[in-house]
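Remarks on the structure that follows.
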């Protein structure tokens, strides 16, 4: 068991029983991940010529969407308050101009993703106290195991040699590492930004407060004049 | 002159392409990313618009954004700082969004090779006003825009004129933030347990089940002035984050706790005998009072617009123009000789409006054109046929959340009809037999409503069928009614408004159904015996019109229940694969793309029609 799996196995059940909101958030994240995965495969499907491969991927998309529904439904059942879906951020695996190589890279990335998520779901399933949740994780894990093998088969079809296959897998591992590194930087960046913005808030806000309140409390007439000025200056700049 | 309009950053990001003053393409980003109301930069929509016109980014004269990001940011930050020092979290959230907005010019240049000075930013309400007026048939009109908020403004009155060589749109009056009808309605929507920027239609639908007994309380919140303007008492709301906690303690003390979104309403327009709890009735009453006061505010604001402009024609846009019940009340008041609402009056339409506005400033003597509601992606029948023939439905039922029946490979049949006439005749029979059909033809709608290009169709007189649609296809709350598409002849016969046929091309109004037609349209009727009708004209959508006529020959009623071709939580389907996915995941019986039909040939035990639909002769070949 790697350290990540140890954390999931022993700390997640405690964290989830202490903070039920955390569990809902995690389930929602899994739903987003599964739906995101479906969309990525769907995009690959739309750019593939072989009809039989398309049919195979179509089934794969259906399964990923269904997993998304399963996690979302459990999250909704457990949610006591208003439930707002947070928008998922999809980092497209495929560039705008799609070719054989970009499809191969995408499938390598998807294959590795299926492998990781399969292991994660098994551990989460074993750690879950709720029967329903355990069932959902095990169902998803069983399907993901099949996906792991099927995406490997597809990837092999896209590779003309053993070396190309290995290269694609290594490239996908590096891409995953790079993405994780960027995500980490993003978190650090956000923390720094929060500190800077908090300082701005406490230093600048008291100074600007009066003028901002005045702007907010302007009457319709004053706001109309400002708006007319904006429109006039825009029109003047174009003419 | 080739101008690309873009709207993004809040909800319904859209791109629209204008060539020589006419819109040639428009798509929402959600159709490509399949994330409903996707606010992200519409890169897929942009490429789709350009490819439809065979253009590259270099060919564009201007790229126009639908609002001024800097002005918007100053408003967001001002409103958050005004509560200093209690608003740090709001300030942080808004600042992070604002930082992203600042890079919009760089974002555009990253994808489109265009000089920075060719990227323009149009005030939000000018985008809406231009969209409403320039796409209208009027030479002179008053334009009213009512929105949640755009930069510092929430609604505006404009005088628009194209009687000279150039179009002139002049602001006459505005309502500044935070006094906003859109924000008021969204906040109430959130209080009622629906999602903001998505569930407003649920508030409108729920209103029909309630009584306006909270109007006096709500009038303390939304004050309507004698001159037609309005003001919000902001002590009842916290508008910094409408989606999460929009109401204050004062509000809760008066109207009680917000509804939990887990709790499902049992209201059903198709079954009035369902027992309703006192708590549910209270929320319906609040929804009704909200709708009531919104209508009152809109009517008085429109009267103000008429007084200020002295015009008899109205062009109307902004998010509030999607409220078809309020639109109908406005129509019945007969304040104006004519009312024009574009097919996509919300923020999505702002992209087209911004581009049209810049075009109107750069060009002279532009002719009035007839706007098409379907400027989206063209559906590919050939790829659909190829994929449909190799699909194996054996596992579909295992991965469907709607308990669809198990299918064998032989239960799925693909056929291509040799002519439109044969297809329509066959399809009319299938619909008459009670089958539910996914219908995709030509280019997709560019607004939120299905207008016969990406629609689910079924007979409008079968309540059980519409229940099946709600439960096994759309996963939709039973209190939300469906819309109806009908021919002009049928509209004259069935709807109680003399101009209903000419007014309802794009489902902007709801109409009272005449007593004699109630049984014919019962599955698409709301509790108040109204329906959101779309009148289909042969020149607008010939295939759909002919289908209605063919169905009318069998049933005696040239009308079909018409709802958007999408699953719950997803946007309208865009291409054939999206349509196939929905066909596989739900209990749809037939999928039609162009002249190709994919059919589930399953003998349902619960089928209420005894006719054997499968015995209908098909003069075609099977794959």
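A few points about this structure:
- In the elastic network of chain A, a GNM with C-alpha springs shorter than 10 Å, the most mobile of A:170, A:200, A:98 is A:200.
- Region B:179-324: proportion of alpha-carbon pairs further apart than 23 angstrom, %: 35 percent
- Cα centroids of region B:350-380 and region B:176-214: 31 Å apart.
- For the pair region B:305-349 and region B:1-50, the centres of their Cα atoms are 24 angstrom apart.
- Size descriptors for chain A (Cα atoms only): Rg and Dmax, in that order, 24.4, 73 Å.
- Normalised per residue, the volume of the convex hull around the Cα set of region B:470-541 (Å³): 97 Å³
- Shielding by partners, peptide A:220-231 (average Cβ within 10 angstrom, other chains): 6
- For region B:294-430: Kirkwood Rh in Å [reciprocal of mean 1/r, alpha carbons]: 20.5 Å
- Choice from A:177, A:209, A:193 showing the highest fluctuation, given a GNM over chain A with Cα pairs closer than 10 Å: A:209
- When peptides B:425-434, B:227-236 are ranked by their average number of other Cβ atoms within 10 Å per residue, the highest-first order is B:425-434, B:227-236.
- Degrees between helix B:542-555 axis and first principal axis of chain B (Cα, 0 to 90, nearest 10): 50 degrees
- Relative to its Kirkwood radius, the Cα radius of gyration of region B:1-137 gives an Rg/Rh of 1.02.
- Listed peptides B:128-137, B:256-265 appear in the order B:128-137, B:256-265 once ranked by packing, highest mean of other Cβ atoms within 10 Å at the front.
- Based on C-alpha pairs under 8 angstrom that are at least 6 apart in sequence, chain B has a relative contact order of 16 percent.
- Tilt relative to chain B, helix B:324-333 - C-alpha long axis, 0 to 90 degrees, to 10: 70 degrees
- Compactness index (Cα Rg / 2.2 N^0.38 Å), chain B: 0.95
- Mean per-residue shielding of peptide A:57-65 is 5, counting Cβ atoms of other chains within 10 Å of each Cβ.
- Between 0 and 90°, nearest 10: helix B:278-309 axis offset from chain B longest Cα axis: 60 degrees
- Per-residue ellipticity at 222 nm from helix content only, as computed over chain A with -39500 (n - 2.57) for each DSSP H run of at least four residues, stands at -29500 deg cm²/dmol.
- Radius of gyration over Kirkwood radius for region B:374-423, both on Cα atoms: the Rg/Rh ratio is 1.08.
- Residue of A:221, A:166, A:134 that the Gaussian network model of chain A assigns the largest fluctuation, springs spanning Cα pairs under 10 Å: A:221
- Take every pair of alpha-carbon atoms less than 8 Å apart whose residues are at least six positions apart; their mean separation over the length of region B:55-152 yields a relative contact order of 44 percent.
- Measuring between their Cα centroids, region B:521-582 and region B:387-453 lie 14 Å from each other.
- Compactness ratio for region B:1-78: Cα radius of gyration over 2.2 N^0.38 Å (N = residue count) comes to 1.15.
- Averaged over B:78-84, number of beta-carbon atoms from partner chains that fall within 10 Å: 6
- Rounded if a/c under 1.5, otherwise prolate or oblate - the protein assembly as shown, Cα gyration tensor axes: rounded
- Sequence-distant contacts, meaning Cα pairs under 8 Å at least 6 residues apart, place the relative contact order of chain A at 18 percent.
- Counting only DSSP H runs of at least 4 residues, each contributing -39500 (n - 2.57), and dividing by the residue count of chain B, the helix-based mean residue ellipticity at 222 nm comes to -10500 deg cm²/dmol.
Throughout, read-outs are computed from the coordinates displayed, never taken from laboratory work. On a predicted model such as this, the values are computed, not experimentally measured, just so you know. When we count neighbours, we look across all protein chains shown, and the Cβ atoms used for this are built from the backbone with ideal geometry, even at glycine.
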